[in-house]
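Undergrad: Let me give you the structure first, and then I'll get to my questions.
Coordinate-derived values only; no laboratory data. These numbers were taken from a predicted model, which means no experiment stands behind them. Cβ: placed from backbone, ideal geometry, glycine included. Neighbour counts: every protein chain shown.
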Amino acid sequence: MNFAFSDEQEELRRIIRQFLEAKSPSSEVRRLMETTEGYDSAVWSQMAEQLGLQSLTIPEEYGGQGYSFVELGIALEEMGRVLLCAPYFSTVVLATNAILNAGNDAEKKALLPGIAAGETIAALAFTEPNGKWDAAGITLEATNKGGEWVLDGTKSFVIDGHTANLIVVVARVAGTSNTDGIALFTVAGDAAGLTRTPLATMDQTRKQAKLDFAGVKATPLGEPGQGFAAFSKTLDQAAVALANEMIGGAQCVLDMSVEYAKVRVQFGRPIGSFQAIKHKCADMLLEVESGKSAAYYAAWCAAEDNDELPVVAALAKAYISDAYFHCAAENIQIHGGIGFTWEHDAHLYFKRAKSSEIYLGDATYHRELLAQRIGI
Amino acid sequence: MDFHDSPAEAAFRAEVRGWLADHLTAEYAALGGVGGEADETGWDVRREWERLLGAHGWVGLSWPKDHGGRAASFAEQVIFQEEYARANAPARVSFFGEGLFAPTLIQFGTDEQKRRYLPKIQSVDELWCQGFSEPNAGSDLANVQTRAVLDGDEWVINGQKVWTTLAHRADWCFVVTRTVEGSQGHKGLSFLLVDMHQPGIEIRPLRQMTGSAEFNEVFFDGARTPADHVLGPVGEGWSVAMATLGFERGTAFLSRQLAFQREMQDLIDAAQKNGAARDPLLRNKLAGHYVGVKIMQYNGQRMLTQMSRTGAVGPEASIGKLYWSTWHRAFGETAVQVLGTDGLTIRNDAPYELDALHLTFMGSRAETIYAGASEIQRNIIGERVLGLPREPR
Ligand SMILES: Cc1cc2nc3c(=O)[nH]c(=O)nc-3n(C[C@H](O)[C@H](O)[C@H](O)COP(=O)(O)OP(=O)(O)OC[C@H]3O[C@@H](n4cnc5c(N)ncnc54)[C@H](O)[C@@H]3O)c2cc1C
């Protein structure tokens, strides 16, 4: 048993951190969050060319480096720490895993090398205006018209859906319900009949779009109608990935709080010497450390692709959803008035914490999922 | 990162599992999961069981080989405890001796002291109790007032300890005393080892909210112990006591925490049986506790890897102590909620006797108080882990 990162993994973290500190300081985050695209294409290219971040977990036969989910977790944790504005989660976590899980060899060969090279920005369109996170919420219909698949319906809350040039769509074969008939397709971002509307997001650091499909011709990814297992696994992997990203943000707000508590003086003492503040920080540390244990363990399970993944994914997302939001909220309180300003970064993390908490289902949702999965 | 056993670990696990399967039978197996560090249910049988463990070298696993131990690594200790919990073996009686005193003795004792005390702990012939707290020295342990003065080649001890768990079962007590006349705070204290079977010691039971009386007041009225029964240098008992507290927050409750997973499953089973598991809010709570108990395990594994590298438990141990005690307390509250109206009644009201879930519900209130109250753990985490400024005192 060994629950620690290897020296190589620590080195990877160091390199990514160094890169992100240079490329994604708060000033850049603030610049990009005001744009519709929400990312810097030059930095995106550098991520691929200098660090190979987009190709990290893609198998070598599809142009990637074949690293495991543990390394992906490290990258995401570092991105979450600086609130990197880039279509990484959508492309590398959501779309890539959906393709890996659902696609056949030819499809992977066609789709993945572009992602690995940083040329393709991809999104996974699965949620709909009904706001459900599971297969039951999928109503967008796929119809086979004379050997050609056509999509009709609406997807919403699609992360980076407006900037992606490749969209993986989770649809259902007309006339099916629930977990039956789930079908994955790919369409080009500029496909005929597809209308993309950027949404005004509460968390401006992560962009979303509504996608209206009106008779959009689509290419199957895997066998249409047999997509549930692949979709479900993608959701579990995404929960693990998001948990790892979130814990990076949680560590950052803890650091901000502790730093401030040491230097801010009231009543002639640093506020961190007051137990009311000190104990908040202690509780935050407990949550951050516990969240890391859960996130890293879950990443390992995803890397091993073992039977524990569905349980651990729900567990990690449940715990870290609450923990990150709690820490981000306490961070504002510990900063007092300055923590409520637009100028201070506290609100950026607060909003990211909330959007991440809601995304893929909040803690209550994941605890219910867990209850079902462990047989309560 | 790898959660599989190494070949050596797997072999060790198989050995433990095999031994337990062969020996945990009949009356021992019947006491499965029964009792706690401070729960005397099935005491005599549990003590017999522990003697059997000791005779086969399963007590004092981590001790050096020349003191009868197996020099087990942290990982092996965890494996042993995991298997012990999985086999649902009885809770151990020698918590204070094996869990707290022995590691302190190994760190601070002379060779002669180790040869004197360790074998009797391993054979479970001598049980220990912890004489730290006093009426005016709880969280503020440095305020100890119990005094000891040298009279020829013996210490003479006067004063009072309180909350001394299982003092009435103990043969020996490790006592923090003030040995330097007029000293204050953590200076001038000594860590004395005192025979409990003597006229100068009086033990008065204190009844707990659980109805039973596992803890006691202990009065020292001219109690005596030989001059060399001091652990560590005279006057420097504070650092010895701090080491004991380190073990108490670090490894001592490992078996306890591992037993929580079984408690969790028992509660889920109970909730399924009485239908509480169908209530969406209770389901959610139960799942939340499940999240908590699994994360406790992962936290433990991370801490263990850390300890294997640095060889020691740092102030981070406070995170673990705060975590498990808080988790168990909330779990206990849910347990009674799951019981519903059955929670209104207990096994027996004269004498006041609790079933397992009520015992968890009540007993867990102590866990956020002893071994350093949660508020103290938060101070330690804030000051010694996060580096926040101390409170002005
Ligand atoms: C079941 C049980 C078994 C025990 N067994 C033993 C034993 O075997 N041997 C032994 O020596 N002791 C034992 N203890 C005693 C235990 O160690 C003390 O109860 C504990 O240290 C707290 O001390 P106290 O009870 O005097 O409470 P106090 O120290 O008076 O604390 C009361 C409250 O004030 C808070 N408080 C105190 N100081 C601070 C501070 N600086 N900042 C913030 N809050 C503070 C505490 O957190 C607590 O909430 C046992 C206790 C229990 C409940």
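Undergrad: To test your reading of the geometry: what angle, between 0 and 90 degrees and rounded to tens, separates the Cα axis of helix A:346-358 from the longest principal axis of chain A?
TA: For A:346-358 against chain A, the angle is about 40 degrees.
Undergrad: Rank B:Thr345, B:Thr244, B:Thr210 by mean-square fluctuation in a GNM of chain B with C-alpha springs under 10 angstrom and give only the top-ranked residue.
TA: Evaluated over chain B, the most mobile residue of the options is B:Thr345.
Undergrad: Which percentage, to the nearest 5, of the DSSP beta bridges contained in the stretch B:128-236 is antiparallel?
TA: Around 85 percent antiparallel, to the nearest 5.
Undergrad: Cut-off 10 angstrom, C-alpha nodes, Gaussian network model of chain B. Which of B:Glu112, B:Glu15, B:Glu134 fluctuates the most?
TA: In this elastic network of chain B, the residue with the biggest mean-square fluctuation among B:Glu112, B:Glu15, B:Glu134 is B:Glu112.
Undergrad: Sticking with this one: To check you understand DSSP bridge types, tell me what percent of the beta bridges within chain B (both residues inside) are antiparallel, rounded to 5.
TA: 85 percent
Undergrad: Could you put A:Tyr62, A:Tyr319, A:Tyr365, B:Tyr352 in order, starting from the residue whose Cβ has the fewest other Cβ atoms within 10 Å?
TA: B:Tyr352, A:Tyr365, A:Tyr62, A:Tyr319
Undergrad: Still on this structure, I have one more. Need one number: nm distance between label points at B:Ala14 and A:Arg14, each 7 Å from Cα along Cα→Cβ, rounded to one decimal.
TA: 4.0 nm
Undergrad: Does anyone have the angle between helix A:7-23 and the longest principal axis of chain A? Alpha-carbon axes, 0 to 90°, nearest 10?
TA: Once rounded, the angle reads 90 degrees.
Undergrad: Let me ask something additional. I'd like to know which of A:Gly66, A:Thr120, A:Leu83 lies farthest towards the positive end of the charge dipole of chain A, counting +1 on Cβ of Lys and Arg and -1 on Cβ of Asp and Glu.
TA: A:Leu83
Undergrad: Using a Debye calculation, one point per C-alpha and no hydration shell, please list log10 I(q)/I(0) for the stretch B:128-236 at q = 0.17, 0.19, 0.21 Å⁻¹ in order.
TA: Each listed q corresponds, in turn, to -0.72, -0.89, -1.08.
Undergrad: Among A:Ser55, A:Ser273, A:Ser156, which one moves the most in a GNM of chain A with springs linking Cα atoms closer than 10 Å?
TA: A:Ser273
Undergrad: Further, regarding this structure: Would you mind counting up the charge near A:Glu330? Only other residues with Cβ under 11 Å from its Cβ, with Lys and Arg at +1 and Asp and Glu at -1.
TA: Surrounding charge for A:Glu330 is -1.
Undergrad: Oh, and also: Charges only on Cβ, +1 for Lys and Arg, -1 for Asp and Glu: so what's the dipole of the stretch B:3-137 about the Cα centre, in debye to the nearest 20?
TA: That gives a dipole near 240 debye.
Undergrad: Straight-line reach from A:Lys278: which aspartates and glutamates have a Cα under 19 Å away, not including same-chain ones fewer than 8 places off?
TA: A:Asp255, A:Glu259, A:Glu287, A:Glu289, A:Glu330, B:Asp140, B:Glu316, B:Glu375, B:Glu383, B:Glu391
Undergrad: On full extension of the chain, what length is gained from A:Phe267 through A:Asp305, given 0.36 nm per residue of separation minus the C-alpha to C-alpha distance?
TA: 8.3 nm
Undergrad: Let me ask something else. With the cut-off at 31 Å, tell me which of the pairs A:Lys354/B:Lys321; A:Lys280/B:Lys273; A:Lys351/B:Lys294; A:Lys280/A:Lys351; A:Lys108/A:Lys155; A:Lys23/B:Lys321 have Cα atoms farther apart than that.
TA: Over 31 Å Cα-Cα: A:Lys280/B:Lys273; A:Lys23/B:Lys321.
Undergrad: What's the local net charge at A:Arg373, with K and R +1, D and E -1, over the other residues with C-beta under 14 Å away?
TA: Net charge around A:Arg373: 0.
Undergrad: In whole angstrom, how far apart do the alpha carbon centroids of the stretch A:307-373 and the stretch A:1-41 sit?
TA: Spelled out, the Cα-based centre of one part sits 19 Å from the other.
Undergrad: Compute the length gained on full extension between B:Leu206 and B:Glu391: take 0.36 nm times their separation in residues and subtract their Cα-Cα distance, giving the result in nm to one decimal.
TA: Gain in length upon complete extension: 63.2 nm.
Undergrad: Can you list, bin by bin at 20 Å, the percent of alpha carbon pairs in the protein assembly as shown, starting at 0?
TA: 15, 43, 30, 11, 1, 0
Undergrad: Still on this model: Evaluate E = 1/(1 + (r/R0)^6) for A:Ser27 and A:Ala214, where r is the Cβ-Cβ distance and R0 equals 51 Å; express this FRET efficiency to the nearest 0.05.
TA: Efficiency, from the Cβ-Cβ distance: 0.80.
Undergrad: Take the Cα radius of gyration of the stretch B:7-93 and divide it by 2.2 N^0.38 Å, with N its residue count; two decimals is plenty.
TA: Working it through for the stretch B:7-93, the quotient is 1.07.
Undergrad: Can I ask one more? Which one, B:Phe132, B:Phe220, B:Thr210, projects farthest toward the positive side of the charge dipole computed for the stretch B:129-252 from Cβ point charges (K/R +1, D/E -1)?
TA: B:Thr210
Undergrad: Moving on to the next point. For helix A:69-82, report the angle its Cα long axis makes with the longest principal axis of the Cα atoms of chain A; keep it between 0 and 90° and round to the nearest 10°.
TA: 60 degrees
Undergrad: So, one more: From a point 7 Å beyond the Cα of B:Thr110 in the direction of its Cβ, which residues of the stretch B:190-217 have a backbone N at a distance under 14 Å?
TA: Correct set: B:193.
Undergrad: Using alpha carbon centroids, what distance separates the stretch B:279-294 and the stretch A:50-83, in Å?
TA: So the two Cα centres are separated by 33 Å.
Undergrad: Shifting gears a bit: If the chain between B:Glu27 and B:Val336 were fully stretched, how many nm would it gain, using 0.36 nm times the residue separation less the Cα-Cα distance?
TA: Residue separation times 0.36 nm, minus the Cα-Cα distance, leaves 108.3 nm.
Undergrad: With +1 on the Cβ of every Lys and Arg and -1 on the Cβ of every Asp and Glu, and nothing else charged, how large is the dipole of the stretch B:76-186 about its Cα centre, in debye rounded to the nearest 20?
TA: Value, rounded to 20: 220 debye.
Undergrad: Now for a different question. Counting other C-beta atoms within 10 Å, which of B:Val234, B:Val59, A:Val240 has the fewest, and how do the rest follow?
TA: Listing B:Val234, B:Val59, A:Val240 from fewest to most nearby Cβ atoms yields B:Val234, B:Val59, A:Val240.
Undergrad: Hey, what number do you get for the protein assembly as shown at 222 nm if only DSSP H runs of n ≥ 4 count, each worth -39500 (n - 2.57), divided across all residues, to the nearest 500?
TA: The per-residue figure over the protein assembly as shown is -15000 deg cm²/dmol.
Undergrad: Now, a different point. What is the calculated FRET efficiency for B:Ser139 to B:Thr345, with r their C-beta to C-beta distance and R₀ = 45 Å, to the nearest 0.05?
TA: With a Förster radius of 45 Å, E is 0.80.
Undergrad: Let me ask something additional. Over the residues of chain A, compute the C-alpha Rg and express it relative to 2.2 N^0.38 Å.
TA: Normalised Rg, Cα atoms only: 0.98.
Undergrad: If you add up the charges near A:Ser321, with Lys and Arg at +1 and Asp and Glu at -1, over every other residue whose beta carbon is less than 9 angstrom from its beta carbon, what do you get?
TA: With Lys, Arg at +1 and Asp, Glu at -1, the net is -2.
Undergrad: Taking Cα pairs under 8 Å and at least six residues apart, what relative contact order does chain A come out at, in percent?
TA: For chain A, the relative contact order is 15 percent.
Undergrad: Another question about this same structure. In what sequence do B:Phe361, B:Phe191, A:Phe69 fall when counting other Cβ within 10 Å, fewest first?
TA: B:Phe361, A:Phe69, B:Phe191
Undergrad: Which value, in debye to the nearest 20, gives the size of the charge dipole of the protein assembly as shown about its Cα centre, when Lys and Arg are +1 and Asp and Glu are -1 at the Cβ?
TA: My answer is approximately 1320 debye.
Undergrad: Spelling out what I want: for every residue of the stretch B:67-73, take phi, set θ = phi - 60°, compute 6.51 cos²θ - 1.76 cosθ + 1.60 (Karplus), and round to whole Hz; glycine and proline get x.
TA: 10, x, x, 10, 6, 5, 6
Undergrad: Moving on to the next point. For the residue pair B:Asp125 and B:Glu353, what label-to-label distance in nm results when each label sits 7 Å from Cα along the Cα-to-beta-carbon direction?
TA: The answer from the label model is 3.5 nm.
Undergrad: Let me ask something additional. Need the list of lysines near B:Lys65 for cross-linking: C-alpha distance under 25 angstrom, and skip anything on the same chain fewer than eight residues off.
TA: Result set, ordered by chain and number: B:Lys114, B:Lys120.
Undergrad: Right, something else. Once Lys and Arg get +1 and Asp and Glu get -1 on their Cβ, which of B:Leu20, B:Gly35, B:Val45 lies farthest toward the positive end of the dipole of the stretch B:7-93?
TA: B:Leu20
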